[in-house]
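> Below are the structure tokens for one structure; questions will follow.
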Amino acid sequence: MNSTQQYDINLTSTEITNLWSTYINDSGSICHLTYYLNTVEDTEIKSVIQYALDISQLHVNTITEIFTQEGYPVPHGFKLNEDVDVNAPRLYSDTYILYMLNQFGKIGLNAYSMAIPVAVRGDVYSFFSQCLRESDNLIKKTNDILLAKGLYIRSPYLPKPESYDFVKQKSFLAGFFGEKRPLTGTEITNLYTNFQRNALGVATMISYSQVAQDEEVKQFLLRGKEMANKHCEIFGSFLKESDLPSPMTLDTEVTDSITYTFSDRKIMFYTTSLIALSVGYYGQSMSMSPRRDIGVMYSRLVAEILKYADDGAKIMIKHGWMEEPPRALDRDELAK
């Protein structure tokens with residue numbers, strides 16, 4: 001099927017939504033990556049930033065072309081001349097930037113793996129398949145540099161069992177009373193990676209709170225920093241009770257710059273996006289944790305961050321910062 005024939009088939013609601021979300025995220029990434037490119041010192045990391053920036057620019061161009069052909073409005077997204085000062089002083093260390101690039105790849109891998117199964121039209125399917133490969137490549141590039149620099153934090157190792165076995169006691173599911181069984185490999189993985197994401201989140205909230213302009217936004221970000229710190233402590237406590245180490249924190253990878261760097265609109269968008277990702281990660285972790293006390297813990301944390309997300313959305317709506325996503329027709333409104 002050629003490109004002209006592709007456009008004879010209407011985009012589905014899921015295809016439009018995933019393309020729209022990708023445009024918004026990549027237009028924001030262009031702002032971040034261009035700023036990183038101007039402040040990073042390490043040449044190896046700089047080459048990966050350039051690779052990620054080229055990918056984001058290609059995504060924005062491709063989606064613009066698809067939407068234009070469809071007669072669908074291109075989102076406003078984020079702009080270099082509106083949402084970032086690419087010449088602002090250095091706000092992050094090279095180490096932070098490298099970890100953030102690695103996280104960009106993982107976030108992309110997760111998003112595109114969900115976009116592909118619901119992409120029907122050939123050009124959209126091919127686009128998201130390519131995006132998936134690029135995210136995989138970004139993770140590999142950043143992993144290689146993290147390993148070479150001794151910065152890659154491996155998750156804990158497990159002892160080798162003599163043979164396979166089956167669960168024989170109902171206490172395997174317990175966790176509130178009596179003796180708690182050791183953590184399973186899946187539970188360790190989720191606790192460890194959720195700690196890592198929150199540690200990066202703490203550093204990000206610190207940096208955003210330093211350069212945010214609006215006082216209400218600053219207070220919201222400081223609240224987010226405290227919440228992420230608390231979540232790290234909770235995940236760390238579960239690891240500690242099984243004599244397992246916690247990952248490193250990244251607070252010191254943020255400089256003392258307080259100069260305008262990112263717009264408050266962009267800061268709030270990224271903060272609420274991180275919250276949404278956390279809800280998904282925690283929900284998945286809860287479903288994979290047989291021990292009841294761990295499941296309840298994730299349930300409580302999800303409720304907490306959902307309340308935080310709701311407060312963030314109210315701030316964005318109040319200031320006119322929330323771009324409306326694709327939605328169904330309001331038939332009641334049309335009837336009026």
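> Rounded, prolate or oblate for the stretch 254-336? Axes are the square roots of the Cα gyration tensor eigenvalues, ordered a ≥ b ≥ c, and the cut-off for rounded is a/c under 1.5.
oblate
> Using only the alpha-carbon atoms, how far is helix 43-70 inclined from the longest principal axis of the chain? Give it as 0 to 90 degrees, nearest 10.
So the helix axis and the longest Cα principal axis differ by about 50 degrees.
> So what's the angle, to the nearest 10 degrees on a 0 to 90 scale, between helix 94-115 and the longest Cα principal axis of the chain?
Relative to the chain, helix 94-115 is tipped by roughly 80 degrees.
> Lys and Arg at +1, Asp and Glu at -1: add these up for the other residues within a Cβ distance under 14 Å of residue 78 and post the number.
Around residue 78, the charge tally is -3.
> Report, in whole Å, the centroid distance computed from the Cα atoms of the stretch 229-269 and the stretch 23-45.
After rounding, the separation between the Cα centres reads 20 Å.
> Which value, in debye to the nearest 20, describes the size of the charge dipole of the stretch 200-320 about its Cα centre when Lys and Arg Cβ atoms bear +1, Asp and Glu Cβ atoms bear -1, and nothing else is charged?
For this selection, approximately 380 debye.
> Sticking with this structure for a sec: Loop only by DSSP, 11 or fewer other Cβ within 10 Å of the Cβ. Give me the GluC sites (Glu not before Pro) in the stretch 1-100 that pass, ordered by residue number.
41
> Which of the listed residues, 272, 290, 19, is farthest toward the dipole's positive end in the chain, when Lys, Arg count +1 and Asp, Glu count -1 at the beta-carbon?
The residue sitting most towards the positive pole is 290.
> Among (1) 187; (2) 131; (3) 162, only one was calculated for this model; which label is it, if the read-out is volume of the Cα convex hull per residue in Å³?
After the calculation, the listed value that fits is (1).
> Let me ask something additional. By how many degrees, 0 to 90 and rounded to 10, does the Cα axis of helix 292-319 deviate from the longest principal axis of the chain?
Approximately 30 degrees, to the nearest 10.
> Got a sec? Charge dipole of the chain, +1 on Cβ for Lys and Arg, -1 for Asp and Glu; which of 222, 261, 34 is way out at the positive end?
After comparing all options, I get 222.
> Pairs 225/307; 218/307; 149/266; 180/230; 106/140: which are spaced more than 20 Å apart, C-alpha to C-alpha?
149/266; 180/230
> With +1 assigned to the C-beta of every Lys and Arg and -1 to the C-beta of every Asp and Glu, and no other charges, what is the dipole magnitude of the chain about the Cα centre in debye, to the nearest 20?
The dipole magnitude comes to about 1060 debye.
> 222 nm [θ] for the chain, helices only, -39500 (n - 2.57) per DSSP H run of 4+, per residue, to 500?
Per the formula, -23000 deg cm²/dmol.
A short reminder: the numbers here are calculations on the coordinates, not readings from a lab. Just so we're clear, the structure is a prediction, and the values are computed from it rather than from any experiment. Here Cβ is always computed from backbone atoms with ideal geometry, including for glycine, and neighbour counts include all displayed protein chains.
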